[in-house]
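Let me begin by presenting the structure, written as structure tokens, before commenting on it.
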């Protein structure tokens with residue numbers, strides 16, 4: 001019998017509209033709201049398709065897509081030596 005592979009677990013990272021810590025999260029990251037803090041593409045039930053909307057008031061908060069892209073890029077990188 002072959003030994004079972006040990007699964008690598010990833011920490012819970014919370015992406016929220018607030019900087020308040022989320023219970024159980026290793027890290028809480030404040031993100032901007034689509035269409036409010038940054039431009040967005042949303043579904044329009046009126047036309048049955050996607051449409052772009054401009055930000056109501058640009059902010060320095062990153063989008064969820066930006067944070068997810070950064071996490072995915074580094075998720076399986078080799079640990080840095082201390």
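Just so it is clear, none of the values below were taken in a lab; they were calculated from the coordinates. This is a predicted model, so every value here is computed, not measured. With ideal geometry, Cβ positions are generated from the backbone for all residues, glycine too; neighbour counts draw on all protein chains shown.
At-a-glance table
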quantity: Inter-site label distance for residue 59 and residue 22 at 7 Å from Cα along Cβ, in nm; calculated: 1.5
quantity: The chain: translational diffusion in µm²/s, Stokes-Einstein, Kirkwood Rh over Cα pairs, 25 °C, 0.890 mPa s; calculated: 156
quantity: Nearest 10 degrees, 0 to 90: helix 64-74 Cα axis against the chain principal axis; calculated: 20
